[in-house]
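Structure first, commentary second.
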Amino acid sequence: MVFNPELEPGDIITNDKLTDIFGCSPQGGMRRSKKTNTLVLISNHDKLNNPYNDRWIGNIFHYTGMGMEGDQSLDFKQNKTLANSKNNPNLGVFLFEVFEPKKYVYVGEVELADRPYQEKQRDANGINRNVWIFPLKLKDNYLPPVILKETLEDLISKREN
């Protein structure tokens, strides 16, 4: 049976609360917990130096794999866990987005919508590299949470500066 975090889409929690709920590490974008048999995915849009280009295209979230420098591998740590998640029906995969510092917005439980694919992105040093992109959809066909226009405008302004 998949772990139930007892959160509703759109709930905003702190990193401390997230680690308490899921029993996972307080750091990283892909946080595996053997205790709760979960993989928590964090997409941090607030960090200006974030080398990951995560994005929604329609109702599919295109999540960049693990590894900040050099080419990424599907056999590397949590990339492998996420790539093989369809073969582990008891693994819960949960997505959070961060638009403001220390505010983790719960999106919901997700699953692979299609096979992972590769694209070019710049790494933490600005060097082009191959990354793995995981197309994710919300389970039970829920729609992504609404993001306030002011929040998006603030993010755009920060990136332009």
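The values are calculated or read from the model by the stated rules, or taken from the named source; none is laboratory data. If you're wondering where the values come from, they're calculated on a predicted model, not measured in any experiment. Note that each Cβ is placed from the backbone with ideal geometry, even for glycine, and that neighbours are counted across all protein chains shown.
Overview of results
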item	result
The lone exception for A124 - which of (1) closer than 25 Å to D11 by Cα; (2) aliphatic (A, V, I, L, M); (3) part of a loop (DSSP other than H, G, I, E, B) it fails	(1)
V93, sole failed condition from (1) surrounded by 13 or more Cβ atoms within 10 Å (Cβ to Cβ); (2) at pLDDT below 95; (3) under 24 Å from N15 (Cα atoms)	(2)
Count of residues meeting criterion [touching a Leu at 6+ places or on another chain (Cβ under 9 Å), assigned to a loop (DSSP other than H, G, I, E, B) and polar (S, T, N, Q)] in the range 14-42	1
Single unsatisfied condition, E69 versus (1) at pLDDT 95 or above; (2) of a type outside the set (F, W, Y); (3) more than 14 Å from the chain's Cα centre (by Cα)	(1)
